[in-house]
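Scroll down for the structure; my scribbles are underneath it.
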Amino acid sequence: MAARHKQFWLRAGGALRGEVTVPGDKSISHRAVMLAALAQGRSQIRGWLAAGDTEATLNAMQGLGAQIERIDANTLLIDGGELREPSKALDLKNAGTGIRLLAGLLAGQPFPTVLDGSAQLRRRPMQRITAPLQLMGANIEAAAGACPLTIKPARLQGITYDMPIASAQVKSAILLAGLYADAPTTVLQPGPARDHSERMLRSMGARLDEDGNQVTIHPCAELAPLNIHVPGDVSSAAFLLVAALLAPGSELTIRGVNLNPTRTGLLDALAAMGADFSLTNRGEQAGEPIGDITVRHSALKGIEIGGELVVRMIDEFPILMVAALQAEGETIVRDARELRVKETDRIAVMAAELCKLGAVIEEREDGFRIVGPQVLSGGQVDGHDDHRIAMSLTVAGLSSAEGALVTDAACADDSFPGFAETLQRLGARLVAT
Ligand code: S3P
């Protein structure tokens, strides 16, 4: 794994040029290690994301008895089968996807478990999964609506659940519990939350029926093993993409990126802002659409974003803010209240940190308004132990007049190990210490 840097010093002026790949998709890596541990037989996962969040899930699966052999940092062989009772509470660190999906998966197991995580994870809402799992008959308790989660064996029944928020973590937790229910389970989603669980489960032999934003899973006693190469994470590519759009003289190709339409909202937003990029070499990998993204420095204009597009780019608003600051005119984001319950309150934290660099951002309850272009003077900002905040601020620093220092930047490793080295290699003026 790349060195774990604590802070990044940034100066404007380096064009980003060349070709690059980004680490494997975080959402797919979490799901792959969980489902491979359940499968009957040996799975192979290449392109595994060896990062803070996903390694926490891997450790949890080992705690549940999964036999995992590491061929190299990014290749795993997993002998799946029955899980067993762990000897202690499982620590999911900062991984919201890890804890929420595991809660669903463990609700139907014949042994008790306790799921816990970092101080940051303990602040995140868990009632959104405990409520539907309890409707299925699960014996799951969350102290004051947060982790630690205590799960005891229970018989699960199939339900139809009208999900109040468009969350892939909630949907996936219910679908995974649905594998163990006595009848089919249906989730109605208000928007198109990422569908990696559905794709992977189907490829392993589970029966799922989809109809628009409704998905039904049938109980399934046996899953076939996985043999996949995880595509590059479009949410990691997003930082390089915006950095290249903002730095004059840039031209960059990012190869082998997951282009699942439930994840590519940022590309649609940037296209509407006038970004010059193209998608080539389109194909399929691990049951997901992939392709290469070639991007060139572009003049951007502001846009309005709301509704389903928000769901399809839910992790990309911190970096969109950085792009919007350099776009001509007004950018308005609505319907993005969920940003307030991510690793941090990403609306408040980004607005406050960017303000330290000289930005003016109007924070709104469910989004924000930015009028650009704005000259960012520079200064010192903090990553708040939130990987997407730290990386977005890094890109902001690269577009600031006097340069910036991002402290608490080690958390970039939670999803993008080697982020600093990748930017340096492409020509960014970044010093990591
Ligand atoms: C994820 C779902 C999203 C996203 C998170 C990863 C997943 O969360 O923000 O980074 O892998 O299912 P929500 O489901 O809470 O929107």
Say whether the condition of being among the aliphatic types (A, V, I, L, M), in contact (Cβ under 8 Å) with a residue 40 or more places away in the chain, within 20 Å of ALA89 (Cβ to Cβ) and away from the ligand (no atom under 16 Å from the Cβ) is met by at least one residue in segment 118-125. no
Being under 20 Å from the mean Cα position of the chain (by Cα), within 13 Å of the ligand (Cβ to nearest atom) and not acidic (Asp, Glu) narrows it down to one residue among ALA56, ALA95, ALA50; which is it? ALA95
Per the list (1) more than 12 Å from the ligand (Cβ to nearest atom); (2) open to solvent by 30 Å² or more (accessible area, probe 1.4 Å); (3) of a type in the set (A, V, I, L, M), residue check on ALA177 breaks on (2)
Find the strands (runs of 3 or more DSSP E) located wholly in segment 365-417 whose residues include 3 or more that are buried (at least 21 other Cβ atoms within 10 Å of the Cβ) and in contact (Cβ under 8 Å) with a residue 12 or more places away in the chain, and list them. 367-372
Residue pairs, Cβ under 9 Å, 6 or more apart or interchain, first in segment 326-343 and in contact (Cβ under 8 Å) with a residue 40 or more places away in the chain, second within 12 Å of the ligand (Cβ to nearest atom) and of a type in the set (Asp, Glu). List them. LYS342/ASP315; LYS342/ASP386; GLU343/ASP386; GLU343/ASP414
Give the number of residues within segment 180-208 that are assigned to a helix (DSSP H, G or I) and within 12 Å of the ligand (Cβ to nearest atom). 4
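The values are calculated or read from the model by the stated rules, or taken from the named source; none is laboratory data. Note that the coordinates shown come from a computational prediction; the quantities given were computed from them, not determined experimentally. Ideal geometry is used to build each Cβ from the backbone, glycine not excepted, and the neighbour counts take in all protein chains shown. All accessible areas refer to the heavy atoms of the entire protein, side chains included, with ligands and DNA or RNA removed. Shrake-Rupley method; radii C 1.70, N 1.55, O 1.52, S 1.80 Å.
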